[in-house]
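Since the structure comes first, as structure tokens, the remarks are kept for the end.
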Amino acid sequence: MKISVCMATYNGGKFLKEQLDSILPQLSVEDEIVISDDGSTDATLQIIESYRDKRIHLYRSSHKNLIFNFENALNHAKGDFIFLSDQDDIWFKDKVEKCMEQLKKHQLVFSNAEMFKGVDKNDSELFFADDSKKTGLWNNLYKVNFLGATLAFRKSVLEKALPFPKKIAMHDIWIGLVAETMGSTHYIDEPLIYYRRHRTQPRQQGAKA
């Protein structure tokens, strides 16, 4: 079963290598990282190309929009299982293994994360600090709980989610709600990534701050 890790990049050169280095060791030779770049002007493209790894596939976008940059990556995904990835986070070394175990039983999974600011991941806190229910269609219509940077789902969910509607709040919310209408979803109540937050808002609309 093939995995596609889908990533949207835009001027992410400062942290991109650390993220790619945390993902690649978890993938088999048949898996892929699908990257859509939305017109980066920093070293992002050079970093991606420096890997010379046949599992990395780079596509260009000109949307200047995070949602449709992700859609471009997803449109090129060939895997049976899809993982979303931000350009500046760091995956725990067992993220893929633990998500794949749950994807045997569920349409979509997401997890908690260790959230930190800037560069010091040792100064972190849990993204979800409570024990409230995180799954369920009505529960997520009332209050969205999907943390997009941790989402992993079956290809069948992607087929229902694409193409994105022209107006959606965020790509991860849309994918999560689609999955909720199709079958069971699962929240892993342990952090599987370091989730980086920034002190200043990036230019690209929709990027995390």
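Observations
- Partners for Lys98 among lysines (Cα-Cα distance below 27 Å; same-chain residues under 8 apart left out): Lys2, Lys17, Lys54, Lys78, Lys117, Lys121, Lys133, Lys134, Lys143, Lys155, Lys160, Lys208
- Chain lengthening between Ala129 and Lys78 when straightened (0.36 nm per residue, less Cα-Cα): 14.9 nm
- Full-extension gain in nm, Ser184 to His198, via 0.36 nm per residue minus C-alpha separation: 1.7 nm
- Cα centroid of segment 55-92 to Cα centroid of segment 127-206, whole Å: 15
- With both residues required to sit in segment 3-197, DSSP beta bridges show an antiparallel share near 30%.
- Cα-based radius of gyration of the chain once divided by 2.2 N^0.38 Å, which approximates compact folds: 0.94
Read-outs: derived from the displayed coordinates by stated rules, not from any lab. Everything quoted here is computed from the prediction, not taken from an experiment.
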